[in-house]
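All remarks here apply to the structure that follows.
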Amino acid sequence: MFRSHVSVTTIRPAPLLTATPVRTLVDEQACIKASFLPSNHPVTVCARMRSDEGDLWQSFAHYNTNSRVNSDLSVGGSYSGCEPMGLFWSMQPAPGERDGLRLRKKCVESPYTVHISLLEGHVSPNQEPVKELAAVTAERWYMAPGVKRQEIRQNGLVGTLFIPPGPGPFPAMLDMWGMGGGLPEYRSSLFASRGYASFCLAYVGHKDLPGPPNTINVRDSYFQAAFQFLQDHSHIAADKVGIVGLSYGCYLTFHTATLAGVKVGHRKEHVEHQIHLPFQSLLSLKHILCILQILMKPLVLMQLEEITCPLMYIVGEDDLSVLSIENADLETLRAAGKSHLFTRLSYPGAGHLIEPPYSPMSRASFWVVKPEKLMTVWGGHPAPHAAAQEDAWKKMLEFMELNLRR
Amino acid sequence: MSLSVQQVRMDNKHPTVKLSVHPSRALMDEAFVILVQNVPPGSQVTLHALHRCEDGHRWEACAHYVADSSGNINAADDCSVGGSYFGVEPMGLLWSLKPVPGSKPGLRMRKKNVQTPMVVTISVFKGHHTEAFMDQVPLASWVVERWYMAPGVRRIPITEQQLTGTLFLPPGPGPFPGLLDLWGGGGQLMEYRSALLASHGIASLALDYLTSKITTETGKMVDNQYFETAYRVLQQHPQVLGSRIAMLGLSLGTVFTLKMAVYSPVVKLRCAVCISGSHIQPVSGGPQQMMDLFSRNFEKISFSEQDEVIWRGLLLPIPSDPSLKVDVGRLQCPLLLVVGEDDQNWCSHESATDMKQMMERAGNDQLLTLLSYPETGHLIEPPYTPHTPSSMFRGAGVGQKMRVLWGGKTPEHSAAQEDSWRKIVTFLRRNLYGGSDPHAIHLSHL
């Protein structure tokens with residue numbers, strides 16, 4: 001009824017592939033092991049998953065078994081060497097998928113389902129025929145159990161609030177992304193999964209915000225209100241609120257923290273360009289990029305001196321989208337007697353998009369597609385960028401722990 | 001909660017207390033680490049677990065800790081000095097769960113729906129408390145999910161050839177080694193052990209052989225062929241390796257596991273696992289004859305001081321008549337026996353001793369591995385679920401529920417569950433996945 005062909009293989013029936021744990025948060029490690037394989041045998045481990053938009057992402061690595069059951073060094077594929085989480089961070093869109101993709105989870109209440117398989121020989125997963133020996137399915141979550149997600153549309157604010165389980169009050173973060181707009185929730189949901197209430201705030205390119213979508217139509221008062229919203233929240237400790245921003249969000253982080261009436265418990269930044277720009281002058285995203293590359297140094301330095309709270313500044317040295325490195329200037333801070341507040345993390349080989357760890361990176365992607373397609377080169381090389389993401393996240397959480405909990 | 005949130009903010013002098021449990025989503029048999037940070041050094045805190053089971057009953061456990069000089073507590077390293085368990089017990093909050101005061105007596109926790117997780121709320125309270133947790137506000141809480149099914153495991157009801165069962169297939173191309181999973185005299189179709197085994201790479205068929213559809217409809221018990229049919233269905237399944245099948249039985253399930261392993265011309269096992277059971281049985285009979293044997297020996301029942309039924313004497317003394325016990329000297333596959341020395345329901349310990357002697361006399365005792373656990377009762381289950389020393393139980397086909405004594409002391413029984421499960425999974429994997437067979441044939445599926 002089902003068997004018409006019997007083939008002989010040197011691999012005894014069913015090697016076993018395991019992932020421990022099988023369900024993890026995105027910033028947790030999973031240990032992948034293959035057992036019951038013969039020694040001196042070439043195998044390929046391959047990981048595949050679909051984004052929320054349906055695009056197929058994949059990675060693979062070549063291993064040789066030796067007299068020990070598990071061999072730790074990849075000898076080829078999407079990464080090489082000893083990389084326990086390599087299968088996750090080295091994923092790229094499969095051949096034939098759309099151009100210019102960037103992996104960003106829209107729905108944080110469901111996990112990524114990753115199909116990890118063990119293939120015979122050193123192969124590429126797209127080469128036919130491929131013999132799958134074993135497989136395991138892993139889930140990667142952006143939200144821990146018990147975290148609550150609330151859409152916030154009040155007092156003109158557009159954002160999503162994540163509250164950890166428990167009675168509170170919790171330390172909190174105001175979370176802002178870049179000029180790409182929309183409302184990415186995944187960093188906030190991870191912060192909440194680590195015990196911090198987190199409010200990701202939309203300020204451009206969102207249907208619930210006033211005015212045309214490709215300009216910033218909100219004023220200083222919007223960001224002040226967002227910060228105040230956190231301080232006033234019954235589950236949040238008003239004196240333990242920080243701000244995090246990536247890309248243009250850094251400028252906003254900085255700017256919000258220096259607004260009158262905003263007293264920040266601590267602050268953290270994340271890859272950035274420090275330019276003072278009146279909001280109203282931003283006409284289109286294409287122009288933004290050009291303007292930001294013209295540094296207005298005196299204004300920048302004035303900004304830095306106004307810090308009143310600890311600031312962590314994270315930069316990728318291969319950031320090709322903005323001139324980030326030149327922006328952070330320790331001398332000015334020292335002159336102002338504020339260098340003790342400043343922590344700078346600079347990562348060689350890392351690009352602009354330093355995201356939560358073990359996530360695939362995009363060296364270039366479509367930043368906007370309407371009214372015209374704009375591809376941005378973010379920079380970064382996979383292995384150093386992955387190392388940067390892992391280290392930066394760990395240091396970011398430690399910085400938050402030190403400043404918001406103690 | 002009787003306190004308003006505003007009052008919480010005023011009273012809660014420790015907004016910085018952090019509680020984390022990792023991993024927060026795990027399989028039922030995986031350990032977690034509970035960490036409490038930023039409490040005043042040397043202060044007393046209580047860890048608490050609360051679970052609402054499928055039947056709606058609430059279960060809780062608590063443990064008393066003293067924070068170290070850094071203001072931290074790690075339940076995997078630190079000692080509990082009071083509450084539901086004592087000493088260093090990383091998973092104590094789960095296995096020491098008991099029904100909350102005021103609950104119906106004689107409860108036993110068994111998950112029926114394996115496709116959803118067991119959800120437990122872990123909290124930390126200031127001070128050392130053993131009761132009235134619902135009237136207090138914790139310093140912090142966390143939520144964990146405990147799963148019987150790994151992602152990608154497929155659940156397939158089996159109804160062909162008048163069988164009542166559920167097959168759990170691991171994720172992947174297969175084919176997989178298989179296992180026939182038999183529970184005991186309570187009947188029903190219990191899926192959770194099979195779901196967990198499939199999460200470890202073994203295609204596992206949970207089989208209801210006492211309250212199957214055919215029995216419910218005809219009133220007649222199935223015979224031994226029912227087990228052989230189940231074996232065949234498993235063996236012929238395209239995703240199962242027909243030459244690598246095991247059987248696992250608990251309690252009454254061990255009777256048919258041993259019978260099939262030794263006497264069936266159809267069932268060829270790579271290995272067998274028998275938990276809390278016996279080889280004593282009418283060798284040529286089936287389920288009905290086994291029930292008849294129990295009925296004939298009913299006067300051997302005794303009762304505890306709390307009027308709990310003790311059934312362990314029903315099959316004693318160990319017979320010498322060969323028609324009354326499986327001749328394990330003829331066994332040809334590895335056998336893992338797991339027994340609790342405080343088993344009040346079956347004479348599993350005495351039976352295991354007799355089986356060992358029979359195999360030594362026959363010269364096949366190298367096939368035997370015997371795990372015998374002191375202060376451990378009858379219901380040796382996968383780890384980290386509450387130990388049930390006694391509960392309300394209705395045997396299949398019996399009219400009324402009785403309060404039955406299973407035995408065991410909670411800390412020792414829980415340790416036995418953890419140790420035996422690990423050894424069971426290793427034994428199964430070694431025998432089902434391993435084995436040196438250089439000419440092994442891989443059956444491709446076209």
Spacing of the two label points (7 Å from each Cα toward its C-beta) at residue B:132 and residue A:72, in nm: 5.3
Nearest-0.05 FRET efficiency for residue A:238 and residue A:381, computed from C-beta distance (R0 35 Å): 0.25
Do any residues of the range B:139-163 show a loss of at least 30 square angstrom of accessible area between the isolated chain and the full protein assembly, using a 1.4 Å probe, and if so which? B:141, B:142, B:143, B:147, B:151
Degrees, to the nearest 10: B:225-236 long Cα axis against longest axis of chain B: 70
Work from the charge dipole of the protein assembly as shown (Cβ charges, +1 for Lys and Arg, -1 for Asp and Glu, about the Cα centre) and give the residue of A:19, B:156, B:373 farthest towards its positive end. B:156
Please label the shape of the range B:269-403 as rounded, prolate or oblate, based on the square roots a ≥ b ≥ c of the eigenvalues of the alpha-carbon gyration tensor (a/c under 1.5 means rounded; beyond that, a/b larger than b/c means prolate, else oblate). oblate
Calculate the spin-label point distance for residue B:88 paired with residue A:217, positioning each point 7 Å from the Cα along the beta-carbon direction, and give it in nanometres. 6.3
Mind listing, in residue-number order, the residues in the range A:169-190 that have at least 50 Å² less accessible area with every protein chain present than in their own chain alone (1.4 Å probe)? A:169
Please list A:185, A:331 in order of solvent-accessible area, largest first, computed with a 1.4 Å probe with all protein chains present. A:331, A:185
Percent of accessible area on the range B:292-446 owned by carbon and sulfur, 1.4 Å probe? 52
Using the Cα centre as the reference, give the magnitude of the dipole from point charges on the C-beta atoms of the range B:13-125 (Lys, Arg: +1; Asp, Glu: -1; all else neutral), rounded to the nearest 20 debye. 540
What whole number of Å gives the distance from the Cα centroid of the range A:187-225 to the Cα centroid of the range B:281-335? 70
Residue A:206 paired with residue A:320, simple spin-label distance in nm, labels 7 Å along Cα-to-beta-carbon: 3.1
Spatial separation of Cα centroids for the range A:332-406 and the range A:45-67, in angstrom: 25
Report Rg (one decimal) and Dmax (nearest whole number) for the range A:30-107, counting Cα atoms only, units Å. 14.4, 44
Using eta = 0.890 mPa s and T = 25 °C, Stokes-Einstein with Kirkwood Rh from Cα pairs puts D for the range A:20-61, in µm² s⁻¹, at 190
Show me you know the interface measure: the accessible area buried between A and B, both chains summed, probe 1.4 Å, in Å² to the nearest 100. 4400
In debye to the nearest 20, how big a dipole does the range B:248-370 give about its Cα centre with +1 on each Lys and Arg Cβ and -1 on each Asp and Glu Cβ? 720
Evaluate E = 1/(1 + (r/R0)^6) for residue A:126 and residue A:40, where r is the Cβ-Cβ distance and R0 equals 22 Å; express this FRET efficiency to the nearest 0.05. 0.25
Global form of the range B:226-344, assessed from the alpha-carbon gyration tensor, a/c cut-off 1.5: prolate
Set B:18/B:98; B:325/B:423; B:98/B:409; A:33/A:105; B:259/B:356 screened for pairs whose C-alpha atoms are more than 21 Å apart: B:18/B:98; B:325/B:423; A:33/A:105
To the nearest 10 square angstrom, how much accessible area does residue B:422 have with a 1.4 angstrom probe? 130
Applying 1/(1 + (r/R0)^6) with R0 = 45 Å to the Cβ-Cβ distance of residue B:309 and residue A:33, what FRET efficiency is obtained, to the nearest 0.05? 0.45
Global geometry of the range B:390-439, whether rounded, prolate or oblate, following the gyration tensor of its Cα atoms and the 1.5 cut on a/c: oblate
In whole Å, what are the extents of chain B along the principal axes defined by its C-alpha atoms, from largest to smallest? 74, 58, 45
Express the carbon and sulfur contribution to the solvent-accessible surface of the range B:39-115 as a percent, rounded to the nearest whole number, probe 1.4 angstrom. 51
Accessible area, 1.4 Å probe, largest first: how do B:259, A:240 sort? A:240, B:259
Multiply the residue separation of residue B:264 and residue B:119 by 0.36 nm, subtract the distance between their alpha-carbon atoms, and state the gained length in nm to one decimal. 48.0 nm
Nothing charged except the Cβ atoms of Lys and Arg (+1) and of Asp and Glu (-1): what's the magnitude of the dipole of chain B about its Cα centre? Round to the nearest 20 debye. 1000
With N set to the residue count of the protein assembly as shown, report its C-alpha Rg divided by 2.2 N^0.38 Å to two decimal places. 1.08
Take every DSSP beta bridge with both residues inside the protein assembly as shown and express the antiparallel ones as a percent of the total, to the nearest 5. 65
Heavy-atom accessible surface, probe 1.4 Å, ligands and DNA/RNA ignored: which residues of the range B:172-188 lose at least 20 Å² versus the isolated chain? B:172, B:173
Translational diffusion of the range B:102-181, µm² s⁻¹ [Kirkwood Rh, Cα pairs; Stokes-Einstein; 37 °C; 0.692 mPa s]: 193
D_trans [Stokes-Einstein, Kirkwood Rh over alpha-carbon pairs] for the range A:333-406, 25 °C, 0.890 mPa s, µm² s⁻¹: 170
Per residue solvent-accessible surface (Å²) - the protein assembly as shown, probe of 1.4 Å: 39
Ranking B:211, B:426 from most to least accessible area with a 1.4 Å probe gives B:426, B:211
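The values are calculated or read from the model by the stated rules, or taken from the named source; none is laboratory data. None of these values were measured; they are calculated from a predicted model. Cβ coordinates were reconstructed from backbone atoms using ideal geometry, including for glycine residues, and neighbour counts include every protein chain displayed. Areas reflect the complete protein model, heavy atoms only, side chains present, ligands, DNA and RNA absent. Shrake-Rupley method; radii C 1.70, N 1.55, O 1.52, S 1.80 Å.
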